[in-house]
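Only one structure is covered here, and it is reproduced in the block below.
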Amino acid sequence: MTNTTLITAIDVGTTKVCVLVAELLDTNHYEILGVGIASSKGLRKGVVVNMVEAKMTIREAIEAAERSSGYEIDSAFVSIAGAHVDAVNSHGVVGISGDSIITQDDVDRALDAARAIVIPHNREVLHIIPRNFIVDGQEGIRMPLGMHGFRLEVEAHIITAASTTVKNLSQCIEDAGVMVEQFVLNPLAASEASLTDTERELGVVSCDIGGGTTDVAIFIEGNVWHTAVLPVGGNNITADVSHGLRLSRTAAEEVKIAHGHACTQEVDSSEVFRVQPFGHDQPI
């Protein structure tokens, strides 16, 4: 993909792999040129459990996106989730260099200072997100560039992931013929796509419920305050329906989609439906 205005994103989920090819129109607007979707195999709760099947699924979705867009994909941004993802808040402090005007180098040094925490050897840093800057004791500063000061502090949200899990997913994508430009935590990507600046400013919880995981991001005063990936999702509901009604997983999924409600008040107490129980000839 030689066109520098084109961006490819790959969402590797428990139930499906989705590939989007978009063209950058301006700073905040994109046009979707192609989409590729394939049912996931070799993945469980956001983690690769079968390298061969996962690679084939990813390749299938990539080829569908290439046919849809008319472009060959050679690199992509990739979302990542799973219970292996963890987050911690950290604090970094540096002195202002030069003529006491804060530059990008000072901000970078403050973030590096916040990053200087003990991280196990089997984990790697995905994101370092500044939540709040403090200049000479003055709090609540969003972006300190150009300000005068002697001491710069930053409160940062540091997101880490299991190194082996990241490498396995990266290997599957590279074996499918695509280079990983950057991994992006799924709840951050979902929040970027669905939330407005006003919602972030007022305070909001973004909850993306997938097949195997539920991805959560909490925003307070416009900043990421907490992120988490819970190892439960829609498949757990399907399993409960299957067990409770003695249905096959396929039938239970159909019942969930056709009759499921998130709000009990939307369901009348007299509402009934008939299903074919697994191993029985008569509906119940």
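Among the residues of the range 24-67 satisfying the criterion of being surrounded by 17 or more Cβ atoms within 10 Å (Cβ to Cβ) and polar (S, T, N, Q), which is nearest to residue 185 (Cα to Cα)?
My answer is 40.
Mind checking which residues of the range 108-165 are aliphatic (A, V, I, L, M), open to solvent by less than 20 Å² (accessible area, probe 1.4 Å) and touching a residue at least 40 places away in the same chain (Cβ under 8 Å)? Even if it seems obvious, please write down each step before you answer.
Here is the first cut: in the range 108-165, the residues aliphatic (A, V, I, L, M) are 110-111, 113-114, 116-119, 125-126, 128-129, 134-135, 141, 143, 145, 147, 152, 154, 156, 158-159, 161-162.
From what is left, the residues that are open to solvent by less than 20 Å² (accessible area, probe 1.4 Å) are 110, 114, 134-135, 141, 152, 154, 156, 158-159, 161-162.
Matches in the range 108-165: 110, 114, 152, 154, 156, 158, 159, 161, 162.
Being over 16 Å from residue 128 (Cβ atoms) and either part of a helix (DSSP H, G or I) or open to solvent by 50 Å² or more (accessible area, probe 1.4 Å) (or both) narrows it down to one of 182, 171, so name that one.
Numbers: 182 fails: over 16 Å from residue 128 (Cβ atoms).
Result: 171 is the single residue among 182, 171 that is over 16 Å from residue 128 (Cβ atoms) and either part of a helix (DSSP H, G or I) or open to solvent by 50 Å² or more (accessible area, probe 1.4 Å) (or both).
Out of (1) open to solvent by 70 Å² or more (accessible area, probe 1.4 Å); (2) at pLDDT below 90, the odd one out for residue 83 is which?
So the condition that residue 83 fails would be (1).
Mind listing whichever residues of the range 222-248 are outside any helix (DSSP H, G or I) and free of Cβ contacts under 8 Å to residues at least 40 places away in the same chain?
Pass one, the range 222-248, residues outside any helix (DSSP H, G or I): 222-233, 246-248.
Passing the criteria: 232, 246, 247, 248.
Looking at 118, 107, 88, 94, which one is out of contact with any Gly (no Cβ under 9 Å at 6 or more places or on another chain) and within 26 Å of residue 11 (Cα to Cα)? Steps first, answer last, please.
On the way: 118 fails: within 26 Å of residue 11 (Cα to Cα); 107 fails: within 26 Å of residue 11 (Cα to Cα); 94 fails: within 26 Å of residue 11 (Cα to Cα).
Result of the check over 118, 107, 88, 94: 88.
Read through the list (1) surrounded by 15 or more Cβ atoms within 10 Å (Cβ to Cβ); (2) closer than 26 Å to residue 125 by Cβ, then give the number of the only condition that residue 235 fails.
(2)
Which numbered condition in (1) without any contact (Cβ under 8 Å) to a residue 60 or more places away in the chain; (2) within 30 Å of residue 174 (Cβ to Cβ); (3) in a loop (DSSP other than H, G, I, E, B) is the only one that residue 97 fails?
So the condition that residue 97 fails would be (2).
For residues that are open to solvent by 80 Å² or more (accessible area, probe 1.4 Å) and in a loop (DSSP other than H, G, I, E, B), scanning just the range 249-272, find the one that is modelled with the highest pLDDT.
Here is the first cut: in the range 249-272, the ones open to solvent by 80 Å² or more (accessible area, probe 1.4 Å) are 249-250, 254, 257, 261-262, 264-266, 268-272.
Now narrow it down to the ones that are in a loop (DSSP other than H, G, I, E, B): 261-262, 268-272.
Working: 261: 76, 262: 73, 268: 73, 269: 70, 270: 71, 271: 67, 272: 64.
Once the filter is applied, the top-ranked residue is 261.
The values are calculated or read from the model by the stated rules, or taken from the named source; none is laboratory data. Just so we're clear, the structure is a prediction, and the values are computed from it rather than from any experiment. When we count neighbours, we look across all protein chains shown, and the Cβ atoms used for this are built from the backbone with ideal geometry, even at glycine. These accessible areas exclude ligands, DNA and RNA; they are computed on the full protein's heavy atoms, side chains included. Shrake-Rupley method; radii C 1.70, N 1.55, O 1.52, S 1.80 Å.
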